[in-house]
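The structure appears below as structure tokens.
The values are calculated or read from the model by the stated rules, or taken from the named source; none is laboratory data. Everything quoted here is computed from the prediction, not taken from an experiment. FYI the Cβ positions are ideal-geometry reconstructions off the backbone, even for glycines, and counts take in every protein chain you see. Areas reflect the complete protein model, heavy atoms only, side chains present, ligands, DNA and RNA absent. Shrake-Rupley method; radii C 1.70, N 1.55, O 1.52, S 1.80 Å.
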Amino acid sequence: MRPSSVLPYDGGRISAFIGMRLEFSDEIRSLAAEAAELFLSRRPLSVDGLLAETERRLGLRLFAGEPAFMELGLINRWKSFGGLTFWRRGEGYPSGKFTEALAAAPRYLGKLPAPPAIETAYSAPVPHWLGVSVASPSAEGGYLLDMKAAAAYLEAAAALI
């Protein structure tokens, strides 16, 4: 299932990111340079198009099979704030695990210094992930965890499990 098929879209803008860990061969360097050129020139670049081209060039199928884990973190502060792994392959559906993990880590329930996101990570054929923002702005500045957005994403992502 492609990332675009699990993103809860309500007609508004969705903030998401895709990442992968790859050995930088000449082919990967060329692909990364072309993607950066498209991004910097502001020419349209669809997620599905970029993924299809990446898969074609690398001979890999990404976002296939069951994810390895899901975690909550803060965009651009994942390590410094501390990611919260709430589900691992084989543990049933992630929505209940999400609620349990938040109860054990209430630091995500108040005002946050960066947008929170749920990351769905795959271990094969190479480590790669899809992160979806589940943030809403706080009236006092900063961000809040948008529980409705999180629930919508987790419901859509249940199809992957």
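Some observations on this one:
- Residue within region 57-71 that is of a type in the set (Lys, Arg), farther than 26 Å from residue 25 by Cβ and either modelled with pLDDT under 90 or in contact with an Asp or Glu (Cβ under 7 Å, 6 or more places away or on another chain) (or both) present: no
- When region 99-151 is filtered for residues that are more than 18 Å from the chain's Cα centre (by Cα) and within 30 Å of residue 55 (Cβ to Cβ), nothing remains.
- Wholly within region 21-124, strands (runs of 3 or more DSSP E) carrying at least 1 residues that are touching a residue at least 40 places away in the same chain (Cβ under 8 Å) and either β-branched (Val, Ile, Thr) or surrounded by 14 or more Cβ atoms within 10 Å (Cβ to Cβ) (or both): 69-74, 116-122
- Subset of region 1-47 that is at pLDDT 70 or above and among the acidic types (Asp, Glu) - its residue that is nearest to residue 118 (Cα to Cα): 23
- Which numbered condition residue 129 fails, given (1) among the hydrophobic types (A, V, I, L, M, F, W, C); (2) open to solvent by 10 Å² or more (accessible area, probe 1.4 Å); (3) in contact (Cβ under 8 Å) with a residue 60 or more places away in the chain; (4) in a helix (DSSP H, G or I): (4)
- The set of residues in region 132-153 being aromatic (Phe, Trp, Tyr) and either touching a helix residue (DSSP H, G or I) at 6+ places or on another chain (Cβ under 6 Å) or open to solvent by 50 Å² or more (accessible area, probe 1.4 Å) (or both) consists of 143 alone.
- Residues that are out of contact with any His (no Cβ under 6 Å at 6 or more places or on another chain) and modelled with pLDDT of 90 or more, drawn from region 111-126: 111, 112, 113, 114, 115, 116, 117, 118, 119, 120, 121, 123
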